[in-house]
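J.: Can you keep this structure in mind? I'll have questions shortly.
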Amino acid sequence: MTRARDLGDFIADGAAAELVVDTTTLVVDSTNNRVGIGTASPSQALDVSGTGNFTAVTAGTLTIDDITINGSTISDGGDFTLDVGGNITLDADGGDIFLKDNGTSIGHFEINNSGFWDFYSDVVDADIRFRGNDGGSSVTALTLDMSAAGAATFNAGGNFGGAVDVTGNITVSGTVDGIDIAGNINQAVKTTSSPQFANVYIDDKIYHHADSDTYISFTTDTVQVYAGNSYAQFSGGMLLLNDGSLAEDYDALSGTTPTIDVTSGGMFSLTTSGNTTFTFSGASSGYVQGFTLQLTAGGTHTITYPNSVDFAGGSAPDAPASGETDILVFITRDGGTTWYGALAIDAAG
């Protein structure tokens, strides 16, 4: 501008903006201390309607509807705060969102090709920790040990609503007050319906639920099975019954060719219905096994025992007379190769 008239063209009266260039190209509103670019009515100290190209912006508060960045970096020398009235959405078409410290990646989020949502710790062997505030104190609720293949450590235990599958060891370093299991605990390669374990180490006792006097107790080389006020103790190669007695199973036989299987009972009975031939089975070599036979004659019948039975004098006792009952005992220590028999009671009834 070289003439005063030209300057006057830009100066309006007091009721209008003091400087207007091309209607909306540039407007200066000194009444409200505002400058508008692309708008005739600026509503902010600097109100730009349209796109702009800034090599640097220094401001206390900058209000912008949308930002398009031609480069790839937004940087700040101090803290950087995003404060919005709604949600913050991070939309990365590459599928990764990285967290860096001075240019070095320390972790990132990823949606991989299989559709999994992955969280990575990018620093070698750096643990992943979940921390929080518990009543004013900082606590580490969960630690994932990346130097141990992600081994998880819970600060205060955990509740699991489903099954727990374990392929390695479970180690408890402290005191466990109680373990409640509503479902299955399955070891790898074992059955699901009937949980099995290779080794379970117990320091003291295993209790029946809500039953304090029914349990199994362990000490060095000793196992005690408690039921009420009685217990059975296995120790020093002996079985001790305290305040109790030993009860064996009893089986009633029938027919004229009965088999006495010592694995199914300790006493057997038979009322003969004709000439009878016995067979003995089930004995294991290296153990002493025996049984008692209650033999009642249902008539005048012959009795034949296995050839492996030795009786006193080399002959079997006479069969009981019709209606009478004899009690006989038999033992073996070589798996049934030889049985020793004796008539304990003759004509008991």
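The values are calculated or read from the model by the stated rules, or taken from the named source; none is laboratory data. The shown structure was predicted, so the numbers you read here are calculated from the model rather than taken from an experiment. We place every Cβ from the backbone using ideal geometry, glycine too, and count neighbours over all the protein chains shown.
J.: Does residue 302 meet the test of being surrounded by fewer than 12 Cβ atoms within 10 Å (Cβ to Cβ), modelled with pLDDT of 95 or more and among the β-branched types (Val, Ile, Thr)?
T.: Considered against the rule, which asks whether it is surrounded by fewer than 12 Cβ atoms within 10 Å (Cβ to Cβ), modelled with pLDDT of 95 or more and among the β-branched types (Val, Ile, Thr), residue 302 comes out as yes.
J.: From the set of residues in segment 311-340 that are aliphatic (A, V, I, L, M) and not in a strand (DSSP E or B), which is surrounded by the most Cβ atoms within 10 Å (Cβ to Cβ)?
T.: Step by step, filter segment 311-340, then rank; the result is 319.
J.: Among the residues of segment 305-349, count how many are in contact with a His (Cβ under 9 Å, 6 or more places away or on another chain) and either at pLDDT below 95 or closer than 26 Å to residue 283 by Cα (or both).
T.: Going through segment 305-349 one residue at a time, the tally reaches 1.
J.: Among the residues of segment 285-318, which ones are over 58 Å from the mean Cα position of the chain (by Cα), more than 16 Å from residue 258 (Cα to Cα) and either aliphatic (A, V, I, L, M) or not assigned by TED's automatic domain parsing to the domain that holds residue 271 (or both)?
T.: 312, 316 - these are the residues of segment 285-318 that are over 58 Å from the mean Cα position of the chain (by Cα), more than 16 Å from residue 258 (Cα to Cα) and either aliphatic (A, V, I, L, M) or not assigned by TED's automatic domain parsing to the domain that holds residue 271 (or both).
J.: Going through 70, 33, 53 one at a time, which residue ends up being loosely packed, with under 11 Cβ neighbours inside 10 Å and at pLDDT 85 or above? Walk me through it before giving the result.
T.: Numbers: 70 fails: at pLDDT 85 or above; 53 fails: at pLDDT 85 or above.
Within the list 70, 33, 53, the selection yields 33.
J.: Scanning for something at pLDDT below 95, among the β-branched types (Val, Ile, Thr) and in a loop (DSSP other than H, G, I, E, B), does segment 208-228 turn up at least one residue?
T.: yes
J.: Answer yes or no as to whether residue 60 is at pLDDT below 85, at negative phi and surrounded by fewer than 11 Cβ atoms within 10 Å (Cβ to Cβ).
T.: Details: at pLDDT below 85: yes; at negative phi: yes; surrounded by fewer than 11 Cβ atoms within 10 Å (Cβ to Cβ): yes.
Spelling it out, residue 60 is indeed at pLDDT below 85, at negative phi and surrounded by fewer than 11 Cβ atoms within 10 Å (Cβ to Cβ).
J.: Now, a different point. Go through (1) outside the structural domain of residue 123 (by TED's automatic domain parsing); (2) at pLDDT 85 or above for residue 174 and report which single condition fails.
T.: Condition not satisfied by residue 174: (2).
J.: Is it the case that some residue within segment 286-293 is out of contact with any helix residue (DSSP H, G or I) (no Cβ under 7 Å at 6 or more places or on another chain) and part of a loop (DSSP other than H, G, I, E, B)?
T.: Checked segment 286-293: no residue is out of contact with any helix residue (DSSP H, G or I) (no Cβ under 7 Å at 6 or more places or on another chain) and part of a loop (DSSP other than H, G, I, E, B).
J.: For the structure I just gave you, tell me whether residue 160 is within 30 Å of residue 202 (Cα to Cα) and among the aromatic types (Phe, Trp, Tyr).
T.: Yes, satisfied.
J.: When you look at residue 296, is it out of contact with any helix residue (DSSP H, G or I) (no Cβ under 8 Å at 6 or more places or on another chain), among the β-branched types (Val, Ile, Thr) and without any contact (Cβ under 8 Å) to a residue 24 or more places away in the chain, yes or no?
T.: So residue 296 does not fit the description; no.
J.: Can you name the number of the only condition in (1) closer than 28 Å to residue 210 by Cα; (2) modelled with pLDDT of 70 or more; (3) exposed (fewer than 10 other Cβ atoms within 10 Å of the Cβ) that residue 167 fails?
T.: Result: residue 167 passes all but (1).
J.: Could we say that residue 141 is under 45 Å from the mean Cα position of the chain (by Cα) and at pLDDT 85 or above here?
T.: Numbers: under 45 Å from the mean Cα position of the chain (by Cα): yes; at pLDDT 85 or above: yes.
Answer is yes for this residue.
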